[in-house]
Amino acid sequence: MAAALGHRRPAGRRGSPLHGLSRYEGLPVDEIRSATRSAFDNLVQCAIDEEVDFVVIAGDLFDGDWRDMGTGLYFAKAMGRLDQAGIPAFLLAGNRDAASVISRTVPWPPNVRLFGSRRPETHRLPELSVAVHGQSFSTPAVTENLVLAYPPAEPHAFNIGMLHTALAGRPGHADYAPCSFEELKSRGYDYWALGHVHEFEVVSTEPHVIFAGNVQGRTIRETGAKGAVLVAVDDGEVASVERIELDVIRWVRLDVNCAGARMDEVGDLLRSVLVGLHGANASGRPLIARVTLCGKTVEAGALHDSAATLRDDVRAIASSISPALFVEKVRVEVTEPARTGFVVGDDLGAMIDEAASDPDLIDALSRDLERFMLAASTSLGDPDEGELRLAAARGDWSGVLRTASTALRSRLTAEG
């Protein structure tokens with residue numbers, strides 16, 4: 001994660017491989033793969049256009065032990081553009097950089113100041129009366145509180161602290177370099193640029209403690225606008241903090257409430273919701289949506305049974321609305337309303353209802369399908385949230401049976 005700062009300033013993120021995209025038909029795979037570099041190019045250009053005094057990037061510039069040296073050369077070139085514009089860049093290594101071969105071998109241009117990992121260091125810009133404090137990660141999992149060793153604020157200077165941390169914890173992020181806001185504040189710094197958390201967050205304005213987030217969402221787990229913050233400092237005080245959007249593609253989760261909808265109404269409902277999504281996209285950026293059908297409907301079984309057809313229909317609808325609107329996946333998570341009767345037959349209905357809670361059936365299903373599900377994961381990659389493969393991987397065979405039973409009931413009813 002990264003942040004950038006100065007008289008005016010932005011923030012950045014890392015080069016990272018994107019796996020498994022080829023199996024999603026219709027996605028702009030090449031654009032997605034190049035998105036992180038394009039967004040970082042936007043960061044560099046923004047810094048140059050705004051004539052910032054310097055840029056700070058608070059870790060995770062590279063992605064673990066990925067050995068693509070072309071990425072290292074790309075970032076060296078990007079830093080070189082800042083160097084040619086006379087803009088220093090302060091970098092510290094986060095958990096992913098600590099495992100990176102690239103970060104240890106790239107010959108950075110002279111404007112790059114990379115913080116060491118043995119102890120906190122201070123880099124100074126005397127002409128601006130600025131002191132920047134930070135410490136890189138020495139290993140991929142730093143669990144000690146690094147802040148306690150940071151030096152106190154230097155007098156007569158604007159003090160910036162850089163730290164790769166989730167503070168006292170953030171959902172979805174490991175508790176690396178844990179610390180509290182009070183411990184940050186005790187250093188007496190004017191601004192804390194924090195990395196590691198992917199979402200933009202203003203933790204405090206007294207002093208300013210900010211997660212800039214990453215410059216480009218890489219998967220459906222990183223939705224919404226991404227970018228940096230541009231900070232203006234006047235007379236040793238933060239005058240303004242402006243969030244700058246730098247992403248080139250945007251990921252969106254779209255829930256479609258199918259409550260009460262009949263099967264022949266779902267297509268029109270999906271089109272209406274997708275039209276609304278496109279119309280509300282003021283940024284003009286391409287959107288990649290995960291569409292989830294939810295709510296209670298008597299057509300739940302039919303919708304589950306038609307999941308593959310629905311996926312193709314939704315993608316076709318999106319393409320007809322805009323060439324910049326894409327559908328990553330379609331999830332069918334509708335459920336049936338409480339039933340007052342059952343048309344398939346009492347005995348068969350009872351068997352279907354009881355299947356999901358039958359311990360012998362669950363055990364047999366687990367034994368018979370475990371190897372198949374392992375092979376599927378090996379072939380298709382890790383399952384995403386909401387998939388039956390994920391339920392099976394977690395041992396939730398009852399959940400697998402519930403979904404299958406709903407589809408079976410609908411099919412038997414239709415055939416009856």
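None of the figures in this text is laboratory data; all of them are computed from the coordinates on show. As the structure is a prediction and not an experimental result, all values here were calculated from the model. No Cβ is skipped: glycine too gets one built from the backbone with ideal geometry, and neighbour counts run over all protein chains shown.
Tell me, Lys329, Lys296 in order of fewest to most beta-carbon neighbours within 10 Å?
Least to most surrounded, the residues fall as Lys296, Lys329.
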Fill in: Other-chain or far-sequence residues with amide H under 5 Å of Ile244's (modelled H)
Ala228, Val229, Leu230
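Give me Ser240, Ser117 ranked fewest to most by other Cβ atoms within 10 Å of their Cβ, as a rough exposure proxy.
Ranking Ser240, Ser117 by Cβ neighbours within 10 Å, fewest first, gives Ser240, Ser117.
Give me the dipole magnitude in Debye, nearest 20, for the range 127-231 about the Cα centre, with unit charges on the beta carbon: positive for Lys and Arg, negative for Asp and Glu.
Magnitude of the dipole: close to 340 debye.
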Worksheet item: About its Cα centre, what dipole magnitude does the range 249-338 give when the only charges are +1 on Lys and Arg Cβ and -1 on Asp and Glu Cβ, stated in debye to the nearest 20?
Response: 500
Fill in: Segment Arg37-Glu206, length gained on full extension (0.36 nm per residue, minus Cα span)
57.5 nm
Worksheet entry | Contour minus Cα-Cα distance for Thr139 and Cys294 (0.36 nm per residue) | 51.5 nm
Response to the item:
In vacuo Debye sum over C-alpha of the range 249-338, base-10 log of normalised intensity I(q)/I(0) at q = 0.11, 0.15 Å⁻¹, listed in q order, is -0.28, -0.51
Worksheet, complete the sentence: Between the residues Phe200, Leu230, Ser129, the Cα farthest towards the positive end of the dipole of the range 21-245, that dipole coming from +1 and -1 charges on the beta-carbon of Lys, Arg, Asp and Glu, is from Phe200
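Please rank Thr297, Thr309, Thr219, fewest neighbouring Cβ atoms within 10 Å first, as an exposure proxy.
Numbers: Thr297 23, Thr309 11, Thr219 17.
The most exposed by this proxy come first: Thr309, Thr219, Thr297.
Based on the Cβ-Cβ distance from Thr335 to Glu51, what FRET efficiency comes out when R0 is 56 Å, to the nearest 0.05?
Computed FRET efficiency for Thr335 and Glu51: 0.50.
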Discussion item. Report the Cα-based extents of the range 21-245 along its three principal axes, largest first, to the nearest Å.
Written reply: 57, 37, 33
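I'd like the FRET efficiency for Ile321 and Leu73, computed as 1/(1 + (r/R0)^6) with the beta carbon distance as r and R0 of 45 Å, rounded to 0.05.
Once the sixth-power term is evaluated, E becomes 0.70.
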Discussion item. Rounded, prolate or oblate, given the Cα gyration tensor of the range 182-246, with a/c below 1.5 counting as rounded?
Written reply: oblate
Discussion item. Suppose a student asked you for the relative contact order of the range 21-245, using Cα pairs under 8 Å spaced at least 6 residues apart; what percent would you report?
Written reply: 15
Worksheet item: Which length gain, in nm to one decimal place, applies between Arg118 and Val29 when the Cα-Cα distance is subtracted from 0.36 nm times their residue separation?
Response: 28.0 nm
